[in-house]
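Accompanying notes for the structure given below.
The values are calculated or read from the model by the stated rules, or taken from the named source; none is laboratory data. Only a predicted model underlies this, so the values are computations on that prediction, with no experimental measurement involved. Cβ placement follows ideal geometry from the backbone for every residue including glycine, while neighbour counts extend to all protein chains displayed. Areas reflect the complete protein model, heavy atoms only, side chains present, ligands, DNA and RNA absent. Shrake-Rupley method; radii C 1.70, N 1.55, O 1.52, S 1.80 Å.
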Amino acid sequence: MTTRQKYIDYSQLFSQLIDEEDEMNETVVSFLYHLFPNELFVRGISVLESGNMFIYVLEKDGKELHSNSSSSTDNDAPSVSTAEASEPSSTSLNDIFQSSHTKENSLVEKLYTEPHSLTYRLIVKQEELKSPPIYVDLPHWFCSCDEFNELFKQEMLENEEPSLYSQAVFELIDESEHLEDKFGLLAPRSGHQRFFRHELVMCPHLLAFGLILETRPAMLRYFIEKRSQVFLITIQNVDEWLKLHLNIVV
Ligand SMILES: [Zn+2]
């Protein structure tokens, strides 16, 4: 089994991107710029700052988040998880906002602590209205964009040896070994940590979602709340959820 080239803890490194003052740390930016080929880091940040990234969570049994009663499947008019859609009645707007904020926070935590317990989809809306949305799947290291698929074909399918799996996956066989890094971490098999060798195949969309979902909850909160550039949306209705899925695969 090919070992990972290096034991860089990408999650740790990405976590330092935003400093205590909520500013981009220029030293880390410069390091990451040189770490990734083809200006991938710049393009990843550009996706992150485009305002086109959506995290849709299916709300099962009303448990994930109650506040967003007007959730939507329409990518053109997403309903973000703030209190703006609620009509004030006897409850004050401030109470509604606080409640919504608390629930959003708990969902952010859950995306980190128990992501496998959630049904969620990561979507990047494309600038051209006629282009279909891009579907990103971090736990399986997949993206529906052309760049990812072209690289995948070049690196994986046109090489006969070694096997596709051993080329793509780095697995920690020794049970005493454990990496804190979460970037490229795949769903576990036989209790072993497995990583996709992202240095082989990566695109800006996987990098952008990795930056906010495989680092620390504060990073995700920063881009949702402070920058309003990533949208966390809950969907209650299964039919709407399926429609969302159809929109992506068709
Ligand atoms: Zn992509």
- [ ] Just give me the residues in the range 5-32 being open to solvent by less than 50 Å² (accessible area, probe 1.4 Å) and in a helix (DSSP H, G or I), in sequence order.
- [x] Y10, S11, L13, F14, S15, V28, V29, L32
- [ ] Kindly list the number of the only condition in (1) among the β-branched types (V, I, T); (2) open to solvent by less than 30 Å² (accessible area, probe 1.4 Å); (3) touching a residue at least 40 places away in the same chain (Cβ under 8 Å) that fails for V169.
- [x] (3)
Task: Unique match (being open to solvent by 70 Å² or more (accessible area, probe 1.4 Å), more than 16 Å from the ligand (Cβ to nearest atom) and farther than 17 Å from F41 by Cβ) among R227, R194 - done: R227
Open item on the list: If I ask for residues that are away from the ligand (no atom under 13 Å from the Cβ) and either under 22 Å from T215 (Cα atoms) or in contact with a Lys or Arg (Cβ under 8 Å, 6 or more places away or on another chain) (or both), which ones from the range 115-136 would you list?
Closed with: P115, H116, S117, L118, T119, Y120, R121
Task: Flag if N159 is more than 16 Å from the ligand (Cβ to nearest atom), under 20 Å from R221 (Cα atoms), modelled with pLDDT under 75 and exposed (fewer than 13 other Cβ atoms within 10 Å of the Cβ) - done: no
Open item on the list: Looking only at residues that are at pLDDT below 95 and small (G, A, S) in the range 197-250, which one is farthest from E20 (Cα to Cα)?
Closed with: S228
Open item on the list: Quick check on the range 137-156: of everything there that is among the charged types (D, E, K, R) and within 13 Å of the ligand (Cβ to nearest atom), which residue is most open to solvent (accessible area, probe 1.4 Å)?
Closed with: D146
